[in-house]
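Accompanying notes for the structure given below.
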Amino acid sequence: MQLKHYSLALLTILVVFFTACQEEEYALPTLEGGLHNDCIKRTLGPNVVGLNLEFAYAMALPKAEGKIISAQVEASIAGAPATYLENRSFSTNGSGVDVPVTVGSPSVNSGTKTEVVFTKDTCAATLRYFYIIPEEARGKTVKFTFSAKASNGQTVSYEMGPYSIAKMDMKLDLVVSDNNNSYISIADMAVYNAATAATNAANIDLVYLYRVITGISFTHALVSPASSPDYLPGITLPSGVNKSAKIWKVWALRDQHLARLQYGIFIDDLDFQELDFTGAPNYAINLRAEAGIWVETADGKYRAYIYINKIDNTKKEMTISIKRYPMQ
Amino acid sequence: MKRYFITFIVITLVTFSWVRCTDFPVDEDGLLITTRGQCYVSNFELLGSDFQTVRTKAAVIDTTAQTINVEVFFGTDLKNVYPQFSLVTDAKLDPKIVGKVDFSDIANPKVYTVVSGNRMVKKPYTVYVTVQAKP
């Protein structure tokens, strides 16, 4: 019995030892023949109409087998006219700088397709594709088929997506000032002065004002027209401007689309859907740069995020950027 | 042999359960009940909906009168503020703060009770909020 156990243990040790000592010789990998491709999406965050979706599409085949003659992208929804496929292939040099090499003629858009015809004798390239999101894609999904053709007749393709296109709108760098363009319309995504506000009274959601009041911190404020006069000192509202939007003050929500800063924060459609405005006030005072407000219009039709890019106490103005989501 | 084994297991279990029930009592919130009898608020903060302070200056905490006096900025939305209490070690607060609190009824200040670590001492603190006056 004991002998049997010893034999079994010895055998196990031998097997382990033998396996552990087996060495695999390194061999140079053999080049796989044929045309190959790969693709990555470079843009992050929600896909907003007017912005681009950027991809890097790589294609290659062994030099001996031929050269690339064309690359094409087909989108399920045609991109806006500015959509293009780079005709330059980029490589990154030792300093981390992307160096372009022109490999083909500028891309041509034809319906849903964008194509680059190669003019250089090359067997490998990485082209970037910039799909400018069109209005027709709002609230839908879009997918892409990248393909390449080689001189030996081979073709390859790569599917990307589907990607959801956000419903929200965006408007950047609107300047509101205390004495001039101080009326903000979320519905119109615009700012008005007192005269034009009167003609668009039904759409005015907020009033911008700047006040320095001794003893209290008021400074830059975004206030609903229907708010208490305490928060609208010295303001005579144009006729018919009387809406009461709900407002939540926010700090440090630096959406990258709006702020264009280094923070990787993005407001998406879902954020607007999930907001709860129950009990929200209709004013926000003492606002600072890089702060913002969530707003719901009085009729509940829109929700928006207003980001404060810049404030100027001397000029009594601030620069704002808006993301807006239609609730109905 | 088997009898010894069973006896050993039973003794171990009894020892463990006895130690658990006597040395580490917990209250209904699952918090440790300790021997500490101290019962006071050491710091008080009030945050707005943007999680920034709405205080104009440090809150005045009177541990004898059991009051907290805090002045907030003009325009503070007192219906939607987040109070934060710092308490002495092992103490807890009643009622618990689970989200926004409405402090807008200034005439009827809110009362929070601090319960000591040994759960034997209870001290109600009244929070008096005043809004920075507009000149």
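The table below lists the values:
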quantity	calculated
Prolate/oblate/rounded label for the protein assembly as shown (Cα gyration tensor, a/c 1.5)	oblate
Note, ³J(HN,Hα) from phi for segment A:67-83, Karplus 6.51, -1.76, 1.60, rounded to Hz, x at Gly and Pro	9, 7, 10, 7, 9, 9, 10, 10, 9, 6, 10, 4, x, 5, x, 6, 4
In Å², nearest 10: area of residue B:120 left accessible to a 1.4 Å probe	150 Å²
On Cα atoms only, tilt of B:2-23 relative to the major axis of chain B in degrees	20 degrees
Area accessible to solvent at residue A:269, 1.4 Å probe radius, in Å²	20 Å²
Rel. contact order, % - alpha carbon contacts under 8 angstrom, at least six apart, segment A:202-248	40 percent
Sum of -39500 (n - 2.57) over DSSP H runs of 4+, divided by residues of chain A (222 nm, nearest 500)	-3000 deg cm²/dmol
For chain B: rounded, prolate or oblate by the Cα gyration tensor [a/c cutoff 1.5]	prolate
Solvent exposure ordering (accessible area, 1.4 Å, most first) of A:158, A:231	A:158, A:231
Extension gain from residue A:31 to residue A:315, taking 0.36 nm per residue of separation minus the Cα-Cα distance	95.7 nm
Entries in B:96/B:122; A:63/A:113; A:246/A:323; A:41/A:323; A:41/A:113 that, when Cα-Cα distance is taken, lie over 26 Å	A:63/A:113
For segment A:64-125 versus segment A:241-303, the gap between their alpha-carbon centres in whole angstrom	40 Å
Gain on full stretching of the segment that runs from residue B:62 to residue B:11 - 0.36 nm per residue minus C-alpha separation	13.2 nm
Cα-centred dipole magnitude for segment A:169-326, charges only on beta-carbon of K, R (+1) and D, E (-1), debye, nearest 20	360 debye
Hz values of 3J(HN,Hα) by residue in segment A:277-287 - Karplus curve (6.51, -1.76, 1.60), Gly and Pro given as x	9, 4, x, 6, x, 10, 8, 8, 10, 6, 8
Heavy atoms of residue B:86: accessible area, 1.4 Å probe, square angstrom to 10	50 Å²
Residues whose placed amide H lies under 5 Å from that of residue B:110, excluding near-sequence neighbours	B:127
Order of exposure, largest accessible area first, which applies to A:5, A:257, A:220 with probe 1.4 Å	A:5, A:257, A:220
List A:120, B:123, A:315, ordered by accessible area with a 1.4 Å probe, largest first	A:315, A:120, B:123
Chain A: angle of helix A:2-21 to the longest principal axis, Cα-based, in degrees nearest 10	70 degrees
For chain A, size of Cβ-based charge dipole, Lys and Arg +1, Asp and Glu -1, in debye	500 debye
Assigned charges on the beta-carbon of Lys, Arg, Asp, Glu; segment B:26-131 dipole about Cα centre (debye)	180 debye
Gain on full stretching of the segment that runs from residue A:136 to residue A:242 - 0.36 nm per residue minus C-alpha separation	34.7 nm
Entries of A:249/A:310; A:310/B:100; A:301/B:100; B:100/B:134 with Cα pairs more than 18 Å apart	A:310/B:100; A:301/B:100; B:100/B:134
Inter-centroid distance (Cα atoms) of segment A:154-230 relative to segment B:28-47, Å	45 Å
Helix-derived mean residue ellipticity, 222 nm - over chain B, DSSP H n ≥ 4, -39500 (n - 2.57), to 500	-5500 deg cm²/dmol
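The values are calculated or read from the model by the stated rules, or taken from the named source; none is laboratory data. All values reported here derive from a predicted model rather than from experimental measurement. Methodologically, a virtual Cβ is constructed for each residue, glycine included, from the backbone with ideal geometry; neighbour enumeration extends over all protein chains shown. Heads up: the accessible areas ignore ligands, DNA and RNA and are worked out on the full protein's heavy atoms, side chains in. Shrake-Rupley method; radii C 1.70, N 1.55, O 1.52, S 1.80 Å.
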